[in-house]
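The values are calculated or read from the model by the stated rules, or taken from the named source; none is laboratory data. No experiment lies behind these values; they were computed from the predicted model shown. With ideal geometry, Cβ positions are generated from the backbone for all residues, glycine too; neighbour counts draw on all protein chains shown. Accessible surface areas use protein heavy atoms only, side chains included; no ligands, DNA or RNA. Shrake-Rupley method; radii C 1.70, N 1.55, O 1.52, S 1.80 Å.
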Amino acid sequence: MFIQENRLKLKLKAGQPAFGVISTSADPQLAELFGLAGFDYYMLDAEHGLLHPDQAVNVIRACELTGMTPLVRIGPKDPKLVLQYLDAGMLGVMMPDLRNASEVKMLVDAVKYPPVGKRGVGISRASKYMAYSGGAEKYIQFANEQTMVIPQFEDPTLLDDFEAMISQPHVDAVVIGPRDLSLNMGFPDGPNHPEVQEMIDKVIAVCKKAGVAAGITAGVKADSDNMIARGATMILGIAQVLIMNGAKTLIK
């Protein structure tokens, strides 16, 4: 075995809800803690977090130790940066602000090895430092099967073209960012406005039609139950919110 089997991808393919954490912290003990709590995946937020690929390695090790799928959110549309995180052992990349089908294809190309994409093979953790136990061809096939491509939806102006953007092969899921979506819709106080909630339902419907999983953040269990009932299956808890809610519960 090279990289581990992708627990998140298996659950989404089976139509089962999967629960994860998104965190700006590169502390591997925090990731390990959430893994021991039973989360399916852990997403390192390298868009908002002050992070570098070399900080991801121990987080990935903690995920592997506890059976979580390690993912990363990357802000720059930079295939070389995607490559560095994948070579460290990340099993998927979420990217915001993809504006058209060509940019989504750029992400597919960055995540997948040929003949699917354009990712280069190098000496890395993902390939066990080129110590292929089953041969390079087997590794490349396995990596292409396990890695995930995850665009974000945070801009309502993309809705009309969004189905075409995500219907291309090898897009696994779309994660809706409700805070930025509400801000872009003119509601800086948050996503509880009916117009924002209606937009969220429209995006989930587009994802369902395109055959990709829909994801969204959730602060508490009632939020995740609500979103699952509406069709989302990739649920992300925010690490800081989960910790803060737990701390406030204890104080109360």
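For the reader, a short list of remarks on this structure follows.
- Surface exposure of the chain, expressed per residue as accessible area with a 1.4 Å probe, stands at 46 Å².
- When only Cα pairs below 8 angstrom with a gap of at least 6 residues are kept, the chain shows a relative contact order of 18 percent.
- The chain, dipole about Cα centre (Lys/Arg Cβ +1, Asp/Glu Cβ -1), debye to the nearest 20: 660 debye
- Most to least accessible of Phe39, Phe153 (protein chains only, probe 1.4 Å): Phe39, Phe153
- Shown are Glu137, Glu47, whose ranking by accessible area with a 1.4 Å probe and every protein chain present, most to least, is Glu137, Glu47.
- Prolate/oblate/rounded label for the stretch 1-47 (Cα gyration tensor, a/c 1.5): prolate
- Accessible-area composition of the stretch 42-85, carbon plus sulfur, in percent [1.4 Å probe]: 54 percent
- Each principal axis of the Cα cloud of the stretch 88-128 was taken in turn, and the coordinate range along them, longest first, works out to 35, 21, 11 Å.
- Each peptide in 195-206, 115-126 gets a packing score, the mean of other Cβ atoms within 10 Å over its residues, and the list from highest to lowest is 195-206, 115-126.
- Of Gln16, Ala62, Gly38, farthest towards positive along the dipole that unit charges on Lys, Arg, Asp, Glu beta carbons give the stretch 11-78: Gln16
- Rg/Rg_globular for the chain, with Rg_globular taken as 2.2 N^0.38 Å and Rg from C-alpha atoms: 0.97
- Here the relative contact order of the stretch 62-205, from alpha carbon pairs under 8 Å that lie six or more residues apart, stands at 20 percent.
- Using a cutoff of 8 angstrom between alpha carbon atoms and counting only pairs six or more residues apart, the relative contact order for the stretch 1-93 works out to 28 percent.
- Cα-based reach from Lys248 at 19 Å (exclusive), listing lysines while leaving out same-chain residues under 8 positions away: Lys221
- Of the DSSP H helices in the chain, those whose Cα atoms cover at least 30 Å axially and whose Kyte score averages 1.0 or more: none
- Whole-percent carbon and sulfur share, accessible surface of the stretch 152-252, 1.4 Å: 58 percent
- The alpha carbon centroids of the stretch 48-90 and the stretch 1-42 are separated by 12 Å.
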